[in-house]
1. Loop-only GluC sites (Glu not before Pro) in the stretch 10-82, please: DSSP not H, G, I, E or B, and at most 15 other Cβ atoms within 10 Å.
2. Report the extension gain between residue 47 and residue 62 in nm, rounded to one decimal, defined as 0.36 nm multiplied by the number of residues separating them, less their alpha carbon distance.
3. Hey, fewest Cβ within 10 Å first, where do 72, 48 land in order?
4. So what are the ³J(HN,Hα) numbers for the stretch 73-78, from phi and the Karplus equation (6.51, -1.76, 1.60; θ = phi - 60°), rounded to whole Hz, Gly and Pro as x?
5. Taking 0.36 nm per residue of separation and subtracting the Cα-Cα distance, what length does fully extending residue 25 through residue 12 add?
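Only the coordinates and a few stated rules stand behind these numbers; no lab work does. Fair warning: this is a prediction, and the values are worked out from it, not measured in the lab. Ideal geometry is used to build each Cβ from the backbone, glycine not excepted, and the neighbour counts take in all protein chains shown.
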Amino acid sequence: MTMVQETPKEGSVPDRAALITALILDRPMCLPCIAEKVLVSLQRAESTLETIATALVLRRETGRCVACGATTVVHSVGRPPA
Ligand SMILES: [Zn+2]
């Protein structure tokens, strides 16, 4: 008997990460807005942000969300210093 590792397929993570990166590139946005725009759960959006943070400079700061205008914790991606 062999152990086969089954990875559940639920959409492409790289695609989602690319989508969110494009969304918040130089445009600080709160988590609920990010989740709403890419049609994922808050939890999924959060975990995707973690993925993005491993490759890019992810900024989390208190600021104004460009989408809903609320002053809250917003996330944005900066271009990595060259
Ligand atoms: Zn917002």
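1. Values: sites: 10, 36, 46, 50, 61; in loops: 10.
Those that pass, being in a loop and sparsely packed, are 10.
2. On the way: separation 15, 0.36 × 15 = 5.40 nm, distance 1.95 nm.
Extra length available between residue 47 and residue 62 comes to 3.5 nm.
3. Details: 72 16, 48 21.
Neighbour counts put them in this order, fewest first: 72, 48.
4. 6, 10, 10, 8, 10, x
5. Here the answer is 2.7 nm.
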